[in-house]
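**Q** This is the structure I want to talk about, given as structure tokens.
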Amino acid sequence: LPIPPPAKVGGMAKGRVASHKMAVKDALGWTVVDIQADDKDDISEEVIREKLKKASGANYDLGSNAGGNYESKAGEIQAAGRNNYQTLEKESNIGPVVFETRALPKETPIDLGGRPMVASATEGKKNTVIRDEVEVAAAKKGEE
């Protein structure tokens, strides 16, 4: 990332530097976090670590450092979630998978109106047009 201009630099100079931002990003390639900084305090290690942590996805330490003393509660949160899931799994009405061991009766799928959705072989043949592609090509030549 480019070094932020000092606070004493005027607006025009800052604007000229800012116009090169895309060229610098293209030269660096893919980045995880983009930090807009006007002062060195804006890019302290603590600020960068916090921004990276937020950008990385799930934050299992949420709220654990509210009192000022950092203490990770990630393990406790994961364990509580696992226990809750296992409890809900035991209470569910979903049983084990049972495979049929007998032949199923012959059934015809029907639509909401009770009409069969699968045509018989006889009905299917009525709707099938079989044509000789050689005859069709010869007939087209004769029409020209």
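The values are calculated or read from the model by the stated rules, or taken from the named source; none is laboratory data. Since this is a predicted model, take the numbers as computed values, not measurements. Neighbour counts are summed over all protein chains in view; Cβ atoms, including those assigned to glycine, are modelled from backbone coordinates with ideal geometry. Please note that ligands, DNA and RNA were not included when accessible areas were found on the heavy atoms of the full protein model with its side chains. Shrake-Rupley method; radii C 1.70, N 1.55, O 1.52, S 1.80 Å.
**Q** Any residue in segment 21-40 that is touching a residue at least 24 places away in the same chain (Cβ under 8 Å) and within 18 Å of Ala55 (Cα to Cα) sitting within a Cβ distance under 7 Å of a residue that is assigned to a loop (DSSP other than H, G, I, E, B) and open to solvent by less than 70 Å² (accessible area, probe 1.4 Å)? List the pairs, counting only those 6 or more apart or interchain.
**A** Filtered contacts from segment 21-40: Ala37/Pro4.
**Q** Pick from Glu143, Glu123, Glu100: which is among the charged types (D, E, K, R) and at pLDDT below 75?
**A** Answer to the check: Glu100.
**Q** A follow-up question, please. Within the bounds of segment 82-97, is there any residue that is open to solvent by 80 Å² or more (accessible area, probe 1.4 Å), among the hydroxyl-bearing types (Ser, Thr, Tyr), modelled with pLDDT under 75 and closer than 27 Å to Gly57 by Cα?
**A** No: segment 82-97 contains no residue that is open to solvent by 80 Å² or more (accessible area, probe 1.4 Å), among the hydroxyl-bearing types (Ser, Thr, Tyr), modelled with pLDDT under 75 and closer than 27 Å to Gly57 by Cα.
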